[in-house]
Amino acid sequence: MNDVQTVGDVVAVVLLLAGSFLCLTAGLGLVRFPDVLTRMHSGTKPQALGVLLIMVAGATGLQG
Amino acid sequence: MTVVYGLAYLMLGAGGLLALVRLARGPSLLDRVVATDVLLVIVSAGLAVYAALARDPTVVPVLVVVSLLAFVGSVSVARYIGGMLLRSGGDGQDVGLPEAREEQEARGGGAGR
C-alpha cells in the first residue's frame, strides 16, 4: 500500500477526514433535530460541503 | 494509510447508521426521504474515499450512478408529495404531511422552548 509521500497527499488526507466528519455531523443532526425542516437543513448543508471536500480530496489524490 | 482508512470509514459509517436510525424511526414520509438522501450521499462519499485512498478511478462510474439514483428518488417522491398537496384542501396536514415544531407547540399550547 502506498504511503503519504507528497504535500498533495497530506492535503488529500486532511480534506478527506474533514469531509467524513461533516458527513458524521449530518447524520447526527438528522437524529437529534426535532422537525422535518431542521432535519432537512442538517441533512443537506454539511452533507454537500462534506461531499465537496471528499471529491476535492479524491481529485488531488488521483492526480499524483 | 490504514489509520486514515479506519478514521474515514468510522465517521462515514457512524453517519450512515444515524441516517438509518432516522429512516426507521421517522414519523413522516418526508423524514424518510431526507434520511434516504443522506444515506445515499454517504454511500457515494464512501466510494469517493476508496477512490482517493487507493488511487483507483474504476469506481467513478458507480459514483455517478449512485448520485443519479439519489437525485431521481428524491425528485420523484417530492413530485408525489406535490400531488398530495394539490389534492388536499388545507396545508397538507389532513393527508399526513408533518407540521413544524413551532406549530405543534402553538397548537398544544406549550410554553415555548
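Scan the helices (runs of 4 or more DSSP H) fully inside chain B and keep the ones with 3 or more residues being under 20 Å from A:Phe21 (Cα atoms).
Values: elements: B:2-25, B:29-53, B:60-87, B:101-108.
Qualifying helices (runs of 4 or more DSSP H): B:2-25, B:29-53.
Please go through segment A:9-30 and give me each residue that is surrounded by fewer than 16 Cβ atoms within 10 Å (Cβ to Cβ) and at pLDDT below 90, ordered by number.
Within segment A:9-30, A:Val10, A:Val11 meet the criteria.
Tally time: how many residues in segment A:31-46 are crowded, with 21+ Cβ neighbours inside 10 Å and either closer than 16 Å to B:Tyr9 by Cβ or in contact with a Ser or Thr (Cβ under 6 Å, 6 or more places away or on another chain) (or both)?
Matching residues across segment A:31-46 total 1.
Looking only at segment A:47-64, filter to residues that are farther than 30 Å from B:Glu102 by Cβ, of a type in the set (Gly, Ala, Ser) and buried (at least 16 other Cβ atoms within 10 Å of the Cβ); which one of those is nearest to the chain's Cα centre (by Cα)? Can you show your working first?
Residues of segment A:47-64 farther than 30 Å from B:Glu102 by Cβ: A:51-64.
Now restrict to residues that are of a type in the set (Gly, Ala, Ser): A:57-59, A:61, A:64.
Still in the running and buried (at least 16 other Cβ atoms within 10 Å of the Cβ): A:57-58, A:61.
Numbers: A:Ala57: 9, A:Gly58: 11, A:Gly61: 15 Å.
Taking the candidates together, the pick is A:Ala57.
(1) at the interface with another protein chain (Cβ under 8 Å from one of its Cβ atoms); (2) among the small types (Gly, Ala, Ser); (3) in contact (Cβ under 8 Å) with a residue 12 or more places away in the chain: which one isn't true of A:Ala18, the others all being true?
The number of the failed condition is (1).
For B:Ala8, state whether it is small (Gly, Ala, Ser), without any contact (Cβ under 8 Å) to a residue 12 or more places away in the chain and within 7 Å of chain A (Cβ to nearest Cβ). Explain how you work it out, then say what you get.
Numbers: small (Gly, Ala, Ser): yes; without any contact (Cβ under 8 Å) to a residue 12 or more places away in the chain: no; within 7 Å of chain A (Cβ to nearest Cβ): yes.
Criteria not met by B:Ala8.
Could you check A:Thr38 against (1) over 13 Å from the mean Cα position of the chain (by Cα); (2) under 15 Å from B:Leu53 (Cβ atoms) and say which number it fails?
Condition (2) is where A:Thr38 drops out.
What pairs come up if the first residue lies in segment A:31-46 and is more than 20 Å from B:Glu103 (Cβ to Cβ) and at the interface with chain B (Cβ under 9 Å from one of its Cβ atoms), the second is among the basic types (Lys, Arg) and surrounded by 18 or more Cβ atoms within 10 Å (Cβ to Cβ), and their beta carbons are under 7 Å apart, counting only those six or more places apart or on different chains?
Correct list of pairs: A:Val31/B:Arg22.
If you take the residues in segment B:24-37 that are without any contact (Cβ under 8 Å) to a residue 24 or more places away in the chain and surrounded by fewer than 18 Cβ atoms within 10 Å (Cβ to Cβ), which one is nearest to the other protein chains (Cβ to nearest Cβ)?
To start, the set of residues in segment B:24-37 that are without any contact (Cβ under 8 Å) to a residue 24 or more places away in the chain comprises B:24-26, B:32, B:34-35.
Retained after the next criterion (residues that are surrounded by fewer than 18 Cβ atoms within 10 Å (Cβ to Cβ)): B:24-25, B:32.
Details: B:Ala24: 11, B:Arg25: 8, B:Arg32: 10 Å.
The qualifying residue nearest to the other protein chains (Cβ to nearest Cβ) is B:Arg25.
The values are calculated or read from the model by the stated rules, or taken from the named source; none is laboratory data. Because the structure is predicted, anything quoted here is derived from the model rather than measured. Glycine gets a Cβ as well: all are built from the backbone with ideal geometry, and neighbour counts include every protein chain shown.
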